[in-house]
Amino acid sequence: MKTKVPEYITNKLKADGKKAKKLYNYSLAGHLKNQFLYNNDTQKWFYEEIQPIFQTYRDGHCKYHGIEKFDVELEADDLWVNFMKTGDFNPIHTHGADYSFVLFVDIPKALQKEQKEFEGTSAKPGTLIFEYAQPARPRWATTGITINPEPGDMYIFPALLQHWVCPFKSKVTRISVSGNLRITNRDQLPKGYF
């Protein structure tokens, strides 16, 4: 699911992210030196503010898949900020928990220009790629999607969906925020629901 997050949220996440001190690299797949865990107050504030968006995702998820909508209790696992710089990248990976998201806080104009000028056939620099299956030939087989994010864009997806981010050459910093949510009342849901 793609949505646009209000600017007051991205502004606070950017400001609090610049103050974050706890390195989170040891828990993440990214080839980045600057990945920081937000403090508890910021995490609590964010998940309270964004809860209606997660509920909308859950409602749409059930409707799309034609499954009965049972009440699930979602608990936030974590919330971290990525300061992606020249040459950094995220290799193909999945997340823990049940639902994950990425929120793009800052996409510098120089990176947007680099993306527009890219002439290759692969994903553009600094783009997010979701992989649904192994790449296939001929090209009319859809095996994934490439996303050229803009500031404020938020993508929510199943935690086990493989995804990755291309490196870029521009001398800038792209800021994104990610997190995971876990369903905590699985034992109260019908057998075979998951």
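Since every read-out is calculated from the coordinates, none of them should be taken as a lab result. For clarity, every value in this text was computed on a predicted model and none was experimentally measured. Cβ placement follows ideal geometry from the backbone for every residue including glycine, while neighbour counts extend to all protein chains displayed.
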Given a cut-off of 21 Å, what percent of all Cα-Cα pairs of the range 98-194 lie beyond it? 46
So which aspartates and glutamates can Lys191 reach, going by Cα to Cα under 16 Å and dropping same-chain residues fewer than 8 places off? Glu68, Asp71
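Let me know the charge dipole size of the chain about its Cα centre in debye, to the nearest 20, where only the beta-carbon of Lys, Arg (+1) and Asp, Glu (-1) is charged. Provide the component values of the computation, followed by the final result.
Numbers: 26 positive and 22 negative charges, 150 e Å.
With Lys and Arg at +1 and Asp and Glu at -1, about 720 debye.
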Which distance in nm do the two modelled labels at Glu48 and Lys171 give, with both placed 7 Å along the Cα-to-Cβ direction? 4.3
How much mean residue ellipticity at 222 nm does the chain get from its helices, if each DSSP H run of length 4 or more adds -39500 (n - 2.57) and you divide by all residues, to the nearest 500 deg cm²/dmol? -8000 deg cm²/dmol
Of the listed pairs Lys21/Lys116; Lys4/Lys113; Lys19/Lys109, those with alpha carbons more than 32 Å apart are Lys21/Lys116
Honestly the chain on the Cα gyration tensor test (a ≥ b ≥ c root eigenvalues; a/c under 1.5 rounded, otherwise a/b vs b/c for prolate or oblate) is just oblate
Amide H neighbours of Gln162 under 5 Å, at least 5 residues apart or on other chains, H built in the peptide plane: list them. Glu131
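Take the alpha carbon gyration tensor of the range 12-118, find the square roots of its eigenvalues, order them as a ≥ b ≥ c, and report rounded if a/c is under 1.5; if not, report prolate when a/b exceeds b/c, else oblate.
Values: a/c = 1.92, a/b = 1.45, b/c = 1.32.
Prolate, because a/c is 1.5 or more and a/b exceeds b/c.
Listed highest first by mean packing, meaning other Cβ atoms within 10 Å per residue, what order do 112-121, 156-165, 5-14 come in? Provide the component values of the computation, followed by the final result.
Working: 112-121: 11.6, 156-165: 17.1, 5-14: 15.5.
The most tightly packed comes first, giving 156-165, 5-14, 112-121.
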Per-residue HN-Hα couplings for the range 70-75 [Karplus 6.51, -1.76, 1.60; θ = phi - 60°; Hz; x = Gly/Pro]: 9, 6, 10, 9, 9, 10
